1. Which numbered condition trips up Pro121, out of (1) in contact (Cβ under 8 Å) with a residue 60 or more places away in the chain; (2) of a type outside the set (A, V, I, L, M, F, W, C); (3) under 25 Å from Leu241 (Cα atoms)?
2. Restricting the search to the stretch 225-240, which residues are of a type in the set (A, V, I, L, M) and either farther than 10 Å from Glu129 by Cβ or within 11 Å of the ligand (Cβ to nearest atom) (or both)?
3. Scan (1) open to solvent by less than 70 Å² (accessible area, probe 1.4 Å); (2) aliphatic (A, V, I, L, M); (3) touching a strand residue (DSSP E or B) at 6+ places or on another chain (Cβ under 8 Å) for the single condition Ala196 breaks and write down its number.
4. Got a number for residues in the stretch 80-104 being open to solvent by 70 Å² or more (accessible area, probe 1.4 Å) and within 16 Å of Asn151 (Cβ to Cβ)?
5. I'd like to know if the stretch 147-169 contains one or more residues that are modelled with pLDDT of 95 or more, touching a Ser or Thr at 6+ places or on another chain (Cβ under 7 Å) and within 11 Å of the ligand (Cβ to nearest atom).
Amino acid sequence: MSVVYNKVALIGLGLIASSMFWAMQRGGVAGTVSGYARSQASRDTARRIGLCDEVCESPQEAVQDADLIVLATPVGAMGAVMQAIAPHLKPGTTVIDVGSVKQTVISEVAPHIPDGVHFVPCHPMAGTEHSGPEAGFATLFDNRWCLIVPNKGTSEEPVQRQVTYWQALGAMTEIMEADHHDMVCAVVSHIPHLIAYTMVGVADDLRRVSDQEVIKFSAAGFRDFTRIAASDPTMWRDVFLTNKDATIEILGRFTEELMALQRAIRTGDGEQLHAYFTRTRAIRRSILEAGQDTDKPDFGRAEVK
Ligand code: NAP
């Protein structure tokens, strides 16, 4: 694999940035990698585990001479980070973000992009419930999608180079419009997380989560909810605050369907329940056929990491 960027700067050193670093190392994708995290503790951890060739004490120092700058903080922090580093970027450099939401990030980051600097918003559709500099691993992006959402007016070369870059990290790529991205992610990721948070919250309200029986007998459904509901609270707060329209739209539809199922249960309409579950079962089959999950027990997740 050949070098795609001579110097890459990672701003934020959590799950996504650390996985990018290990994947870049695996593939020889970058000449050198500098990094910056907000807290001294995360910077110290990064130095201890050899994350990045150089861990810097400020974002401005990290981006010096970088050919690619990756904004990998929670989405709510990206605008301010971009504003702080903007005067320190060299002409011709590319800035990407890896945020889970695109329209808001674009509206907050793009105004601070200096002339002659390319902005290519990205979203690697891969993650775990773990966060921080020690959470990353080189195979996180393997065979997962990275959605690339070119900013208006961005020339073709930096976009194509991002396609090459993400493929070198193991991902598959697709170009998408920002509003479509936010709606798709509300369906496949954001609302499912909200439902998991809610279900675990309901169990907790019933004071049953700590009951030995619930823990002992929890089947894959509830266990998987608890895994998802253990995801980083800051990241997910920002996702809902910044993808408000799409999540409210999908949540409205979800609530209507839930009410319809509630009615079917109350009225004993087994036919409706069976037809509904048959339709949804087919979706699981398509996901397996697309190679996007495994049919192993526990979704094979014990093997991750
Ligand atoms: P993470 O593990 O929680 O790491 C976030 C990093 O950002 C930490 O290094 C943190 O530093 C740093 N940070 C926080 N606020 C900052 C600020 N104001 N200035 C500079 N650095 C700051 O998060 P992650 O899971 O890697 O997520 C990063 C981004 O990727 C998010 O925008 C998220 O939406 C997106 N994403 C996440 C997933 C996922 O499943 N996790 C998947 C796809 C995309 P400290 O450690 O010092 O606080």
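The values are calculated or read from the model by the stated rules, or taken from the named source; none is laboratory data. Values in this document were obtained by computation on a predicted structure and should not be read as measured data. FYI the Cβ positions are ideal-geometry reconstructions off the backbone, even for glycines, and counts take in every protein chain you see. We work out accessible area using only protein heavy atoms, side chains counted, and drop any ligands, DNA or RNA first. Shrake-Rupley method; radii C 1.70, N 1.55, O 1.52, S 1.80 Å.
1. Result: Pro121 fails condition (1) only.
2. Selection gives Ile228, Met235, Val239.
3. (3)
4. The number of residues fulfilling the criteria is 1.
5. No, the stretch 147-169 has no match at all.
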